[in-house]
Every structure is written in C-alpha cells, then in structure tokens.
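Take a look at the structure below.
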Amino acid sequence: MRKPLIAGNWKMNTNLSEATSLVQTMLPELDRIAGVEKVLCPPFISLVAVRELIKGTSVELGAQNMFSEDNGAYTGEVSPLMLIDLCEFVILGHSERRQYFAETDELVNKKVQKALDFGLTPILCVGERLEDNEAGRTEKIIKGQVQAALAGVNSTSHLVIAYEPIWAIGTGRAANGKQANATISLVRNTVASLWDSKSAQAIRIVYGGSVTGENIAEFIAEPEIDGALVGGASLKANEFVSIVSQTASLKST
Ligand code: 13P
C-alpha cells in the first residue's frame, strides 16, 4: 500500500513572518492527522524557520526548486548540499520553472539525478499545456516528459511524481478525477516500462491543479491517485488541513 501524500507548494508567497504564522496556525491540527505524509514547501528563505517549527512533529519539509550542481559560481542558485540537512523533499520540473525559467527536460533530468544522489526525494512535476490537451497530445507529452526526466535514473521508491496539467494550475479549472486517474495511470505505466512494474507500483503519483477542500475527495477516490500537490489552497490553513484530513479518512477506508 502506498501512503498518501499531500504537499503544499506555497510558490512565491509569504515573507518570513507570514510563513511562520501560517505554519503555527495549521501545525497543531496537521500534526494530529495520521496516515498521510504531509509536506510543506515554503520559499527558500523560510525553510530554516519552518524546519524549527515542525521539529518533532509528523510534518515534513520540501524546497520548491534546486540547482543541478553541488556548488560554485552560480549566483542566486541553491544546491542540493544546502538542502540536505534542511528538508526531505524537493519539487523539480514544475511547469512554472519550465515556462518562466526555461527549464528543459535535460536540466530537470540532471536535477532529479542529483537530488536522488544526495538522498532528497524529488517531487517531479509533469503536465501538458491546454493546446496539447485539446489536440489530443496529452499522452505523448506526458510520456515524453516522464521518460526524459527519468533517463538513466535507477529505480527507487524515493520519488514522487506530480501530474499537473498546466491548464488546471491556478485557473480554478481542475481536471476531473477520472481524467486525472487515466493520465496518472499512463505515468505509472511509463515508469514501469523504464524500470519494472513492482517499482512503478511503489512510487506515489499525485495530482495537482486547482485542488481545493471542495474537490479533493474526487481525486482521492481514484485508485491511481496517491494524493495532491496543492498550490493556492495550501496558503489557507483551514483549507489545507481539510484537504489533508479528507485524504486521511478517504484513503483509510
Ligand atoms: P494551484 O493549486 O494553485 O492550481 O497550483 C497547483 C500547483 O502548481 C502546485 O504545484
């Protein structure tokens, strides 16, 4: 059985004091919810403070990005060596990184390799654009992204994949549960063809894109969907707690 995972991607929101107060508001309730892996991904500048706050609780920490080199003359970048004693997870290949910062499949692949080499668990994001979806190219695009990101990567259970259709991110237009389940199933089959089916069955594949307290149940009810990567709704303490607690009760039944 795969343990469900809910991660909150705060994106470029919250300064240090806002991040601290958001964690303080949601932590007592989050900590009490069992059966779900709970991951907060605040901006880099708040990682240290959030790590202190969640110490000794059941809540874990993730970064939103990472560079592919260990150290050196890369002004403004953050290396895996800086993250390993801070957090367990790192979001890689988010569509906003691909779209606004020109991250290529090749770079995402390097980052995934590097994160795994250092014992970080990548939350690898894949997703198709609206025009690809409408032209029936979803399967081809997603398969291609998964194959490219995992090229040369040995099988591991320390990998999470997030299927985030770009047209569903921040738009309020979520995929429906059945659509998301079908594409996630395709992701798993693609991983199985690269590795083997037992390894593909072991990794968590989650959905992301306009997930809310209102629609989480629709995704969690699907057998292939192991949780969610939540953007906007993860900035609202009550809603994020509700998403996690609904996941706990639905996946345990
Ligand atoms: P929203 O939940 O705001 O649509 O963002 C999804 C996302 O990109 C999470 O990484």
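Side notes on the structure shown:
- Listed residues Ala233, Ala151, Ala63, most fluctuating in the chain (Gaussian network, C-alpha, under 10 Å): Ala151
- Neighbour cut-off at most 15 other Cβ (10 Å), DSSP loop, GluC sites (Glu not before Pro), the range 166-253: Glu214
- Simple rule: put +1 on each Lys or Arg Cβ and -1 on each Asp or Glu Cβ in the range 210-253, find the dipole, and look at Ile220, Leu235, Leu250; the Cα lying farthest toward the positive end is Leu235.
- Size of the chain as Cα extents on the principal axes (Å, biggest first): 48, 44, 34
- Modelled spin labels at Ala102 and Glu18, positioned 7 Å past Cα toward Cβ, are 2.9 nm from each other.
- Subset of Lys11/Lys114; Lys140/Lys178; Lys143/Lys236; Lys198/Lys236; Lys110/Lys140; Lys111/Lys198 violating a 27 Å alpha-carbon distance limit: Lys143/Lys236; Lys198/Lys236
- Per residue accessible area in Å² of the chain, where ligands, DNA and RNA are left out and the probe is 1.4 Å: 44
- Highest-MSF residue in the chain out of Gly209, Gly136, Gly35 [GNM, Cα springs under 10 Å]: Gly136
- Net charge dipole, the range 62-120: roughly 120 debye, given to the nearest 20, about the Cα centre with Cβ charges of +1 for Lys and Arg and -1 for Asp and Glu.
- Taking all protein chains together and a 1.4 Å probe, the residues His94, His158 rank His158, His94 from largest to smallest accessible area.
- Highest GNM mean-square fluctuation among Ser58, Ser17, Ser79, for the chain modelled with Cα contacts below 10 Å: Ser17.
- Charge tally around Ile84: other residues with Cβ under 15 Å, Lys/Arg +1 each, Asp/Glu -1 each, net -3.
- GluC sites (Glu not before Pro) lying in DSSP loop within the range 49-83, provided at most 15 other Cβ fall within 10 Å: Glu69, Glu77
- Euclidean distance of C-alpha centroids, the range 179-238 and the range 14-35, integer Å: 23
- About its Cα centre, the dipole of the chain is roughly 340 debye, where the only charges are +1 on Lys and Arg Cβ and -1 on Asp and Glu Cβ.
- Sum of -39500 (n - 2.57) over DSSP H runs of 4+, divided by residues of the chain (222 nm, nearest 500): -12500 deg cm²/dmol
- Of all complete DSSP H helices in the chain, those with a Cα span along the helix axis of 15 Å or greater and a mean Kyte-Doolittle hydropathy of -0.5 or more are 16-32, 138-149, 177-194, 237-251.
The values are calculated or read from the model by the stated rules, or taken from the named source; none is laboratory data. Quantities reported herein were computed from a predicted structural model and do not represent experimental measurements. Quick reminder, even Gly has a Cβ in these numbers, built from the backbone with ideal geometry, and neighbours come from all protein chains shown. Accessible surface is based on the protein model in full, side chains and every heavy atom, while ligands, DNA and RNA are left aside. Shrake-Rupley method; radii C 1.70, N 1.55, O 1.52, S 1.80 Å.
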